[in-house]
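The values are calculated or read from the model by the stated rules, or taken from the named source; none is laboratory data. Quantities reported herein were computed from a predicted structural model and do not represent experimental measurements. Positions of Cβ are generated from backbone atoms using ideal geometry, with glycine treated the same way; all protein chains shown enter the neighbour counts. These area figures cover heavy atoms from the full protein model, side chains too; ligands, DNA and RNA do not enter into them. Shrake-Rupley method; radii C 1.70, N 1.55, O 1.52, S 1.80 Å.
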Amino acid sequence: MNRKELMAVGLTLVLAVFLAGHTSPAGGKVGERAAGPVIAGEGCTSILVGRGASVDGSVMTTHTCDCGTCDWTWRHVPAADHKPGSTRKIYHINQYRTWPPAEGLKWDLIKKDFAGLEIPEVPHTYAYHHGGFGYMNDRQVSLGESSIGCQRRMENPTPAAKFDITMLTLLAMERAATAREAIQVMGSLAEKYGYGFHDDGEMLAVADPKEAWIFEIMPVGPLWTPESGKPGAVWCAQRVPDDHVSVCPNESRIGEIDLANKDFFMASPNAVSLAVEMGFYDPKSGRPFNWKRAYSPQEGSAASTNGGIQRLWRFFDLAAPSQAFKPETPNMDLPFSVKPDKKLSLQDVMTMTRDRSYGTPWDPIKGIRGGPFKNPNYFNRREPRVIDDGRAEYTTVTQSRAGLPDAIGGIVWIAFGSQDTACYMPFYAGVTELPKSFGVGDHWTFSRDSARWAFDYTDFHVQVVYSEAIKDIQAAQAKYEGEIIGRIPEIDQQALALYKQKPAKAAEFLTGFSINNTTTVVNAWWKLGDDLLVKYNRLYLYNTEKRDYERGKPAVPEWWKKAVRAYDILMEPDKK
Amino acid sequence: MNNKSHLSLGGVAVLGLVLLLAGQTVPKAGLPVLTTSAGQSTDVTTLNIVLEEAAIGYDYCDVPTAEMVAGGVGLGGREPGPGFHVEVTTDLAKYPAGTPYKAVIFAIGASLKGMGASGLTLESEEARLKKVIEYCKQKKIFIMAVHVGGESKRGPAGSDNERMIDAVAPFADYLVVTKESNKDGRFTKIAQANKIPITEIEYALGLVDIVKQVLQ
């Protein structure tokens, strides 16, 4: 056998396996999932950080809203006082539904989907910022979200269920001054008026300056009626220990529960009994009741699914590498939370939201998967699913900080589009308006009036020569994100001085700061997109200052050329 | 929830909420029955749970073709696979494999996500439904259509849901819809134009008693 024949045989074996389905050291096939009754989808990751686990003592939550086609509109809802006898209309809000801009704005059009329910209004509703969900109110109550699914028989898509998850989060923003209150508000409304319709099993990260909770809620089946006298939802919440971090990557996280420990657990009255009634738990089994195993079991591990459900293991491995979590450990056996090896800064958390699992068995650029320019989106965008998702509408990092007035202590950082090419922009809880460019959010109509398109525009131009262009992005992130993070203590103090004079002055200052910063960043990203187009045009490297260009740069690596030659040999017709 | 709790609730409250249009009675069809979706939304799960609550065995397939329906109970031995779901809970002692169906129940509700999972487009779903309905008409298989999704899942004229309604409802032998779904009288108009008996229910739970009457 000559060299060429040997090479062809070897490559045939390698590429045949590769083309047949991308194997990894863990075995199995990408995309294969262990059989399990609950598939929650693959959108949204939410991270939680207790105050004792963060460098600055802030409680943090994150949410990657990564549906890929959803409306990305953000808006501010002001605080309001309501007369006795006032009512609050409830709307069915589909997370995924979008409207052409010509029809109007999402939050006006939502009002066409009245759920047929008006509930008594409270005397005062808090101001808040919201996107697809509520995120931060003027009492520093903050949220993140992740769909977790539930047993099929629990789903309730009928209109008997008046509340969807989005509407619950808006009510929590309006009515809750603490995380615990938010949980009670959402839980009690869902019990009374029914939960489901557009949604099924959902997890929310619920935080305030003191603590972070994981709240999980599910419908109780399509045959529920309000006249039954039974709760129209089943829910449970577990507090993340103050010095711990946790995560929800589309999997139920609450296991065994101790409802006697009220400082760490809350639940609806049917939390256990419903599982018994529906046959999901047998008290005679001798095993303790386990919430996730009963209502939303997710079988398998990072390894057994070949990375299909690797985000949970990956997060714990990032947060506490000293504990050497194994990817073979079934996800349901991984801990609820973990004490991180070192306290996490805001930037650490932002970096976690940008994680692509590089260096793991599910590295998206391993081998030739990333193409010549190591693009993690190149081979198979969502398999394995990593924390950074190129399809993100936006990602949030919320900070709830004690020791400051709520208007200043609370910050929601918003990054539009794929996290790796986006820039986090801060919005204090006391901000009274959001930029107009946040009010336009449609995937099918390009708009220079929409902030998010600036980030998609730049992201698009990164894809061509990813390994080079990402360096330009990181430089811009260091300038526009890193520097603003560094300025936050100074902004805090300026706002605090104004707050002491008059809270409204602080609100005005913070609003000006946030909007001005956003304008700067959005304009910078539009320009960055333009610059990348020119710089890497025609796969040359153009130097606009010198009015020069280099052919052959960015260089196509030798290993890629070899891979191409190998492929040619492999595909060469047999010579007879 | 157990059967007992639902039945007692059904007896006290829900029966009173079932509104039959004047002069109409619940038609009889008999077993065996096939349940399926028109539009691949999760409403078919509600339908299946209704049948389970009524203690009625059924065959379920998300995307049956006319040939599969012709295969009778067991759908000609079709096995579930990716994007194709089959479930047989029909009492095979009473209705052995191959027994022709006496009724097919369509849960109307469009879901692009569901159609995508089944590898369907709106157009191919409409075409599939047309053939299945033609076969049912030809073999005099009773067609029941239910819509329990409510008004806000209907969408505007020309929406995916509306197209699914047009593909099935006018050809049904019996329509059962929630009041929410029929707020604008759309189903009543279809029923009147095509002389189809229609029942409005308050909640999906109301369907339990109806399927018992229709199928048993």
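For a quick check of understanding: with a 1.4 angstrom probe and all protein chains in place, what accessible area in square angstrom does A:D81 have, to the nearest ten?
Accessible area of A:D81: about 130 Å².
With an 8 Å Cα cut-off and a minimum separation of 6 or more residues, compute the relative contact order for chain A in percent.
It comes to 16 percent, rounded to a whole number.
Given contacts defined as C-alpha pairs under 8 Å and at least six residues apart, what's the relative contact order of the range A:395-485, whole-number percent?
Once normalised by length, the contact order is 23 percent.
Calculate, for the range B:29-185, the solvent-accessible area per residue in square angstrom, rolling a 1.4 angstrom probe over the heavy atoms of the protein chains.
37
Using only Cα atoms and rounding to the nearest 10 degrees, what angle (0 to 90) does helix A:165-175 make with the longest principal axis of chain A?
Compared with the principal axis, the helix lies near 50 degrees.
Please name whichever of A:A524, A:M332, A:S514 sits farthest to the positive end of the charge dipole of chain A, dipole taken about the Cα centre and charges placed at Cβ: Lys and Arg +1, Asp and Glu -1.
A:A524
Taking each residue in B:178-184, count the Cβ atoms of any other chain within 10 Å of its Cβ, then average. What number comes out?
Mean partner-chain Cβ count within 10 Å for B:178-184: 2.
How about the range B:140-158: which of its residues lose at least 50 Å² of accessible area in the presence of all protein chains relative to their chain isolated, using a 1.4 Å probe?
B:S152, B:K153
Would you work out what percent of the accessible area of the protein assembly as shown, with all protein chains in place, is carbon or sulfur (probe 1.4 Å)?
55
Specify which residue in the list A:S301, A:N290, A:A320 is farthest towards the positive end of the charge dipole of the range A:248-359, using unit charges on the beta carbon of Lys, Arg (+1) and Asp, Glu (-1), about the Cα centre.
Result: A:A320.
For peptide A:147-159, what's the mean number of Cβ atoms from other chains within 10 Å of each residue's Cβ?
Per residue, the number of nearby Cβ atoms from other chains is 5 on average.
Can you list the HN-Hα couplings for the range A:444-452, worked out from phi with the Karplus curve (6.51, -1.76, 1.60; θ = phi - 60°), rounded to whole Hz and with x for Gly and Pro?
9, 10, 5, 8, 7, 8, 9, 4, 5
What are the ³J(HN,Hα) couplings of the range A:75-83, residue after residue, when phi is run through the Karplus curve with 6.51, -1.76, 1.60 and θ = phi - 60°? Round to Hz, x for glycine and proline.
Result, ordered by residue: 7, 9, 10, x, 5, 8, 9, 10, 6 Hz.
To the nearest 100 Å², how much accessible surface do chains A and B hide from each other in total, with a 1.4 Å probe?
Summing both chains' loss of accessible area gives about 2300 Å².
Which of the residues in the range B:41-59 show a loss of at least 30 Å² in accessible area from their chain by itself to the complete set of protein chains, at a probe of 1.4 Å?
Relative to the lone chain, where solvent access is computed with a 1.4 Å probe, the range B:41-59 loses at least 30 Å² at B:T42, B:T45, B:T46, B:I49, B:E52.
Which order do A:F446, A:F215, A:F460 take by accessible area at a 1.4 Å probe, largest first?
Final ranking, largest accessible area leading: A:F460, A:F446, A:F215.
Kindly express, to the nearest 10 degrees and within the range 0 to 90, the angle between helix A:466-477's C-alpha long axis and the longest C-alpha principal axis of chain A.
Orientation of helix A:466-477: about 40 degrees from the principal axis.
Between A:R88 and residues 5 or more places away or on another chain, which pairs have amide H atoms under 5 Å apart, with H built 1.01 Å from N, and which residues are they?
A:I119, A:E121
Is there a simple number for the mean count of other chain Cβ atoms within 10 Å of the Cβ of residues in A:216-223, and what is it?
Partner Cβ neighbours, averaged per residue: 5.
With a cap of 13 neighbouring Cβ atoms within 10 Å, and only residues DSSP puts in a loop, list the GluC sites (Glu not before Pro) found in the range A:504-576.
A:E545
Dipole size in debye (nearest 20) for chain B around its Cα centre, Lys and Arg Cβ +1, Asp and Glu Cβ -1?
Magnitude of the dipole: close to 520 debye.
Choose one of B:Y58, A:T62, A:G201: the residue whose Cα lies farthest towards the positive end of the charge dipole of the protein assembly as shown (beta-carbon charges +1 Lys, Arg; -1 Asp, Glu; about the Cα centre).
Value computed over the given set: B:Y58.
Taking amide H positions as placed 1.01 Å from N in the peptide plane, with prolines and chain starts having none, which residues 5 or more places from A:A392, or on another chain, fall under 5 Å of its amide H?
A:S418, A:Q419
By how many nm would the segment from A:S273 to A:K210 lengthen if fully extended, with 0.36 nm per residue of separation less the alpha-carbon distance?
In short, 19.5 nm is gained.
I'd like the distance between the alpha-carbon centres of the range A:494-554 and the range A:231-250, rounded to an integer number of Å.
When both Cα centres are located, 36 Å separates them.
For the range A:206-329, report the accessible area per residue in Å² (1.4 Å probe, heavy atoms, rounded to an integer).
33
Quick one: putting +1 on the C-beta of Lys and Arg, -1 on the C-beta of Asp and Glu, what dipole do you get for the range A:405-500 around its Cα centre, in Debye to the nearest 20?
180
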